[in-house]
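Remarks on the structure that follows.
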Amino acid sequence: MNAPLRPEPADSRAESPAESKVMRGIGFKVASVCVFVAMSSLLKAAEGIPLGQLVFFRSFFAIFPIVIYLAVTHQLSGVFHTRERLSHVWRGLVGVSAMCCSFFALTRLPLPEAIAINYASPLFVVVFSAILLHETVRIYRWSAVVVGLIGVMVILWPRLTVFSSGELGMEETLGALSALAGAGLSAIAMLLVRRLVQTERTPTIVIYFSITSSVIALFTLPFGWVMPTPAQALMLVGAGFAGGIAQIFLTQCYRYAEMSTIAPFEYTSMLLSLAIGYLVFGDIPTIEMLIGGVVVIGAGIFIIYREHRLAVAERNRRALGAGRMS
């Protein structure tokens with residue numbers, strides 16, 4: 001759902017970074033994860049704000065740090081030039097739907113549980129890539145997907161059983177299903193971005209997403225927005241800025257290390273969400289959430305590892321072919 005502002009042109013040193021550069025890249029990745037968790041925490045803390053209003057503040061106020069970053073890095077020129085306006089609208093619609101589901105889950109579930117279910121998104125990417133894009137997915141990745149989805153079911157099961165009774169139980173069940181739907185929609189958004197990057201600059205994709213999602217969120221005005229208190233307004237604006245800053249940190253990490261190196265550090269959000277959930281919201285993690293979260297994280301890391309191995313094998317094959325031709 002949050003596409004990185006990949007620097008253009010990419011730093012060629014990222015192909016074979018020195019150890020210090022790799023550590024710097026990891027540092028930026030961890031920083032982005034921390035800020036994204038802070039964003040989620042601020043949205044969760046702003047209780048009583050309608051979903052569409054949450055999406056608007058998250059999207060609109062993210063524009064400001066992103067535009068500043070693009071101006072400083074001399075990427076602002078021509079950022080609005082596009083040949084894929086309709087594709088950007090579709091990307092915005094799917095992204096807003098994903099945010100609505102994820103934000104609803106944040107308001108109904110403990111913070112670490114909502115974040116853990118979102119880890120299913122890379123699993124859905126593999127499934128949708130095979131079904132919608134007809135990509136070849138071999139037994140290793142399918143096995144990881146199955147194991148990961150079992151982990152998701154372990155997290156969800158206490159929310160889906162008949163033992164969840166009463167209004168509170170139903171609210172948590174809806175939150176769990178919403179989190180799962182958000183993960184699936186985020187996966188579709190990733191596939192749309194994968195298609196867009198073939199013809200569009202990354203800054204163009206990011207800025208159009210922030211703008212289109214802000215406009216789409218405005219259509220929820222008739223369904224009831226509320227006047228936030230000063231504290232809520234501060235949280236909402238802070239969440240928007242945090243989202244934009246986190247994307248900038250995500251951009252920076254790709255200057256210094258390959259995606260396969262830094263992607264596993266996404267899962268540091270689990271530790272941070274557990275700490276914030278306990279200290280700020282009083283959330284005590286269940287054993288099902290911990291076990292399921294570990295299983296989903298393990299499956300995700302294995303998929304990242306397999307993607308890296310396949311990419312290395314493909315580069316070696318191309319290099320060997322080029323060598324034979326020369």
Considering residues that are in contact with a Lys or Arg (Cβ under 9 Å, 6 or more places away or on another chain) and either within 17 Å of L236 (Cα to Cα) or not hydrophobic (A, V, I, L, M, F, W, C) (or both), the number found within the stretch 94-110 is 4
For P230, the lone unmet condition from (1) crowded, with 22+ Cβ neighbours inside 10 Å; (2) modelled with pLDDT of 90 or more; (3) not β-branched (V, I, T) is (1)
Within the stretch 199-227, the residues that are surrounded by 15 or more Cβ atoms within 10 Å (Cβ to Cβ) and small (G, A, S) are S210, S213, S214, A217
Filtering the stretch 132-145 down to residues that are within 21 Å of the chain's Cα centre (by Cα) and assigned to a helix (DSSP H, G or I) yields L132, R141, A144, V145
Checked against (1) under 23 Å from G243 (Cα atoms); (2) in contact (Cβ under 8 Å) with a residue 40 or more places away in the chain, A144 satisfies every condition except (1)
- Taking the condition in a helix (DSSP H, G or I), under 20 Å from the mean Cα position of the chain (by Cα) and closer than 30 Å to R85 by Cβ, does V126 pass? yes
Condition set of a type in the set (S, T, Y) and modelled with pLDDT of 85 or more, scope the stretch 158-198, selection surrounded by the fewest Cβ atoms within 10 Å (Cβ to Cβ): answer is T173
Going by what's in this entry, would G244 be described as within 16 Å of the chain's Cα centre (by Cα), under 27 Å from I117 (Cα atoms) and buried (at least 16 other Cβ atoms within 10 Å of the Cβ)?
yes
Would the stretch 130-139 turn up any residue that is touching a residue at least 12 places away in the same chain (Cβ under 8 Å) and of a type in the set (V, I, T)? no
Sole miss for F56 among (1) among the hydrophobic types (A, V, I, L, M, F, W, C); (2) surrounded by 21 or more Cβ atoms within 10 Å (Cβ to Cβ); (3) within 26 Å of I155 (Cα to Cα) is condition (3)
Picked from the stretch 244-280 (must be polar (S, T, N, Q) and touching a Pro at 6+ places or on another chain (Cβ under 6 Å)), the residue farthest from A45 (Cα to Cα) is T251
Condition set part of a helix (DSSP H, G or I) and either among the hydrophobic types (A, V, I, L, M, F, W, C) or without any contact (Cβ under 8 Å) to a residue 24 or more places away in the chain (or both), scope the stretch 99-112, selection nearest to S210 (Cα to Cα): answer is M99
Going through the stretch 59-88 in order, the residues found to be surrounded by fewer than 14 Cβ atoms within 10 Å (Cβ to Cβ) and either under 29 Å from A120 (Cβ atoms) or of a type in the set (K, R) (or both) are R83, R85, L86
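Consider V294 carefully, then state whether it is of a type in the set (V, I, T), over 20 Å from the mean Cα position of the chain (by Cα) and either closer than 24 Å to A114 by Cα or buried (at least 19 other Cβ atoms within 10 Å of the Cβ) (or both).
No, not satisfied.
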Within the stretch 195-207, residues without any contact (Cβ under 8 Å) to a residue 24 or more places away in the chain and under 14 Å from the mean Cα position of the chain (by Cα) come out as none
Considering residues that are surrounded by 23 or more Cβ atoms within 10 Å (Cβ to Cβ) and either free of Cβ contacts under 8 Å to residues at least 40 places away in the same chain or within 21 Å of A233 (Cβ to Cβ) (or both), the number found within the stretch 21-35 is 0
Going through the stretch 218-267 in order, the residues found to be among the polar types (S, T, N, Q) and part of a loop (DSSP other than H, G, I, E, B) are T220, T229
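The values are calculated or read from the model by the stated rules, or taken from the named source; none is laboratory data. All values derive from a computational prediction rather than experimental measurement. Positions of Cβ are generated from backbone atoms using ideal geometry, with glycine treated the same way; all protein chains shown enter the neighbour counts.
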